[in-house]
1. Please enumerate the residues belonging to the range 101-118 that are surrounded by fewer than 20 Cβ atoms within 10 Å (Cβ to Cβ) and among the hydrophobic types (A, V, I, L, M, F, W, C).
2. Being closer than 29 Å to Lys249 by Cβ, modelled with pLDDT under 90 and of a type in the set (Phe, Trp, Tyr) is the requirement here; does Phe5 meet it?
3. Among the polar types (S, T, N, Q), more than 19 Å from the chain's Cα centre (by Cα) and not in a strand (DSSP E or B) - does that describe any residue in the range 184-196?
4. Filter the range 158-167 down to residues that are touching a Ser or Thr at 6+ places or on another chain (Cβ under 8 Å) and assigned to a strand (DSSP E or B) and give me whichever is surrounded by the fewest Cβ atoms within 10 Å (Cβ to Cβ).
5. Would you confirm, using the coordinates I've provided, whether Asp234 is more than 14 Å from the chain's Cα centre (by Cα), surrounded by fewer than 14 Cβ atoms within 10 Å (Cβ to Cβ) and not hydroxyl-bearing (Ser, Thr, Tyr)?
6. Out of contact with any strand residue (DSSP E or B) (no Cβ under 6 Å at 6 or more places or on another chain), modelled with pLDDT under 95 and not hydrophobic (A, V, I, L, M, F, W, C) - does that describe any residue in the range 46-63?
7. From Met88, Met1, grab the single residue that is in contact (Cβ under 8 Å) with a residue 40 or more places away in the chain and either under 25 Å from Tyr154 (Cβ atoms) or out of contact with any strand residue (DSSP E or B) (no Cβ under 8 Å at 6 or more places or on another chain) (or both).
8. Among the candidates Gly112, Gly64, Gly73, which residue alone is of a type outside the set (A, V, I, L, M, F, W, C) and over 17 Å from the mean Cα position of the chain (by Cα)?
Amino acid sequence: MHNWFCFSSDDMVTWTEPTPILMNVKTFSWAKDDAWASQVIERDGKFYWYAAIEHATIPGKAIGVGISDNPTGPFVDARGTALVTNDMIKALDDIDPTVMIDDDGQAWLFWGNGICYYAKLKKNMIELDGSIKTITLPHYTEAPWIHKRDGGYYLSYAYEFPEKIAYAMSRNIEGPWIYKGIINELAGNSNTNHQAIIDFKGKSYFIYHNGALAADEGRFHRSVCIDYLYYNKDGTIKRVVMTTEGVKKVK
């Protein structure tokens with residue numbers, strides 16, 4: 001793909017057609033091609049879009065940052081250069097960025113293929129603040145996602161290949177991380193299975209993809225899925241039950 005799009009919903013079931021293109025790889029003058037995994041996050045009325053893109057002059061993927069006053073764009077390049085490039089790290093590629101702003105206001109960026117990297121972000125959200133560090137996770141492949149609940153941190157990620165989704169927990173965002181197991185099994189005919197975990201109107205949701213809507217068009221023709229996410233009393237995550245009907249409407 002060459003563009004990023006946005007669907008919206010106020011009930012988790014009825015989704016709009018895509019808004020106009022949020023960003024194109026040409027938004028980043030330093031980029032070559034390939035609109036890969038991304039995440040958008042709001043801070044102080046601005047929306048920051050962290051996206052993995054093929055770099056034009058430094059081999060491999062890089063992470064760029066777009067900025068907008070509106071979640072539906074338009075976004076522009078916030079830096080004029082990539083935030084993270086392959087010459088800064090030893091991973092196979094700088095892909096799958098995930099960002100969280102902690103309760104104390106500190107923002108964190110996690111990413112990486114083959115190795116999970118993380119770093120602090122400055123308050124401006126477009127610069128790293130300090131050194132890049134690594135996390136060792138069992139069978140880590142890619143697609144980290146960081147979220148927090150009841151004072152505890154959760155780091156979910158793609159596990160092995162074909163990919164399942166596993167997770168670890170910690171009481172500190174810098175670890176130590178304790179591996180807790182598989183959340184989501186192989187997603188049908190899709191060799192990759194990347195996730196997002198969000199809360200919306202009192203319920204927790206697990207967003208992932210399979211290839212169910214175009215099963216005969218190859219393992220990279222992905223379909224977005226949403227199922228419920230449930231926690232045990234001790235804060236651990238129950239395995240996600242993948243369904244064909246998805247979730248129910250919320251008011």
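The values are calculated or read from the model by the stated rules, or taken from the named source; none is laboratory data. Since this is a predicted model, take the numbers as computed values, not measurements. Glycine also receives a Cβ, built like all others from the backbone with ideal geometry; neighbour counts cover every protein chain displayed.
1. Ile101, Ala107, Trp108, Ile115
2. So Phe5 passes the test.
3. Scanning the range 184-196 turns up at least one residue that is among the polar types (S, T, N, Q), more than 19 Å from the chain's Cα centre (by Cα) and not in a strand (DSSP E or B).
4. Ala166
5. Spelling it out, Asp234 is indeed more than 14 Å from the chain's Cα centre (by Cα), surrounded by fewer than 14 Cβ atoms within 10 Å (Cβ to Cβ) and not hydroxyl-bearing (Ser, Thr, Tyr).
6. yes
7. Met88 is the lone residue from the list that is in contact (Cβ under 8 Å) with a residue 40 or more places away in the chain and either under 25 Å from Tyr154 (Cβ atoms) or out of contact with any strand residue (DSSP E or B) (no Cβ under 8 Å at 6 or more places or on another chain) (or both).
8. Gly73
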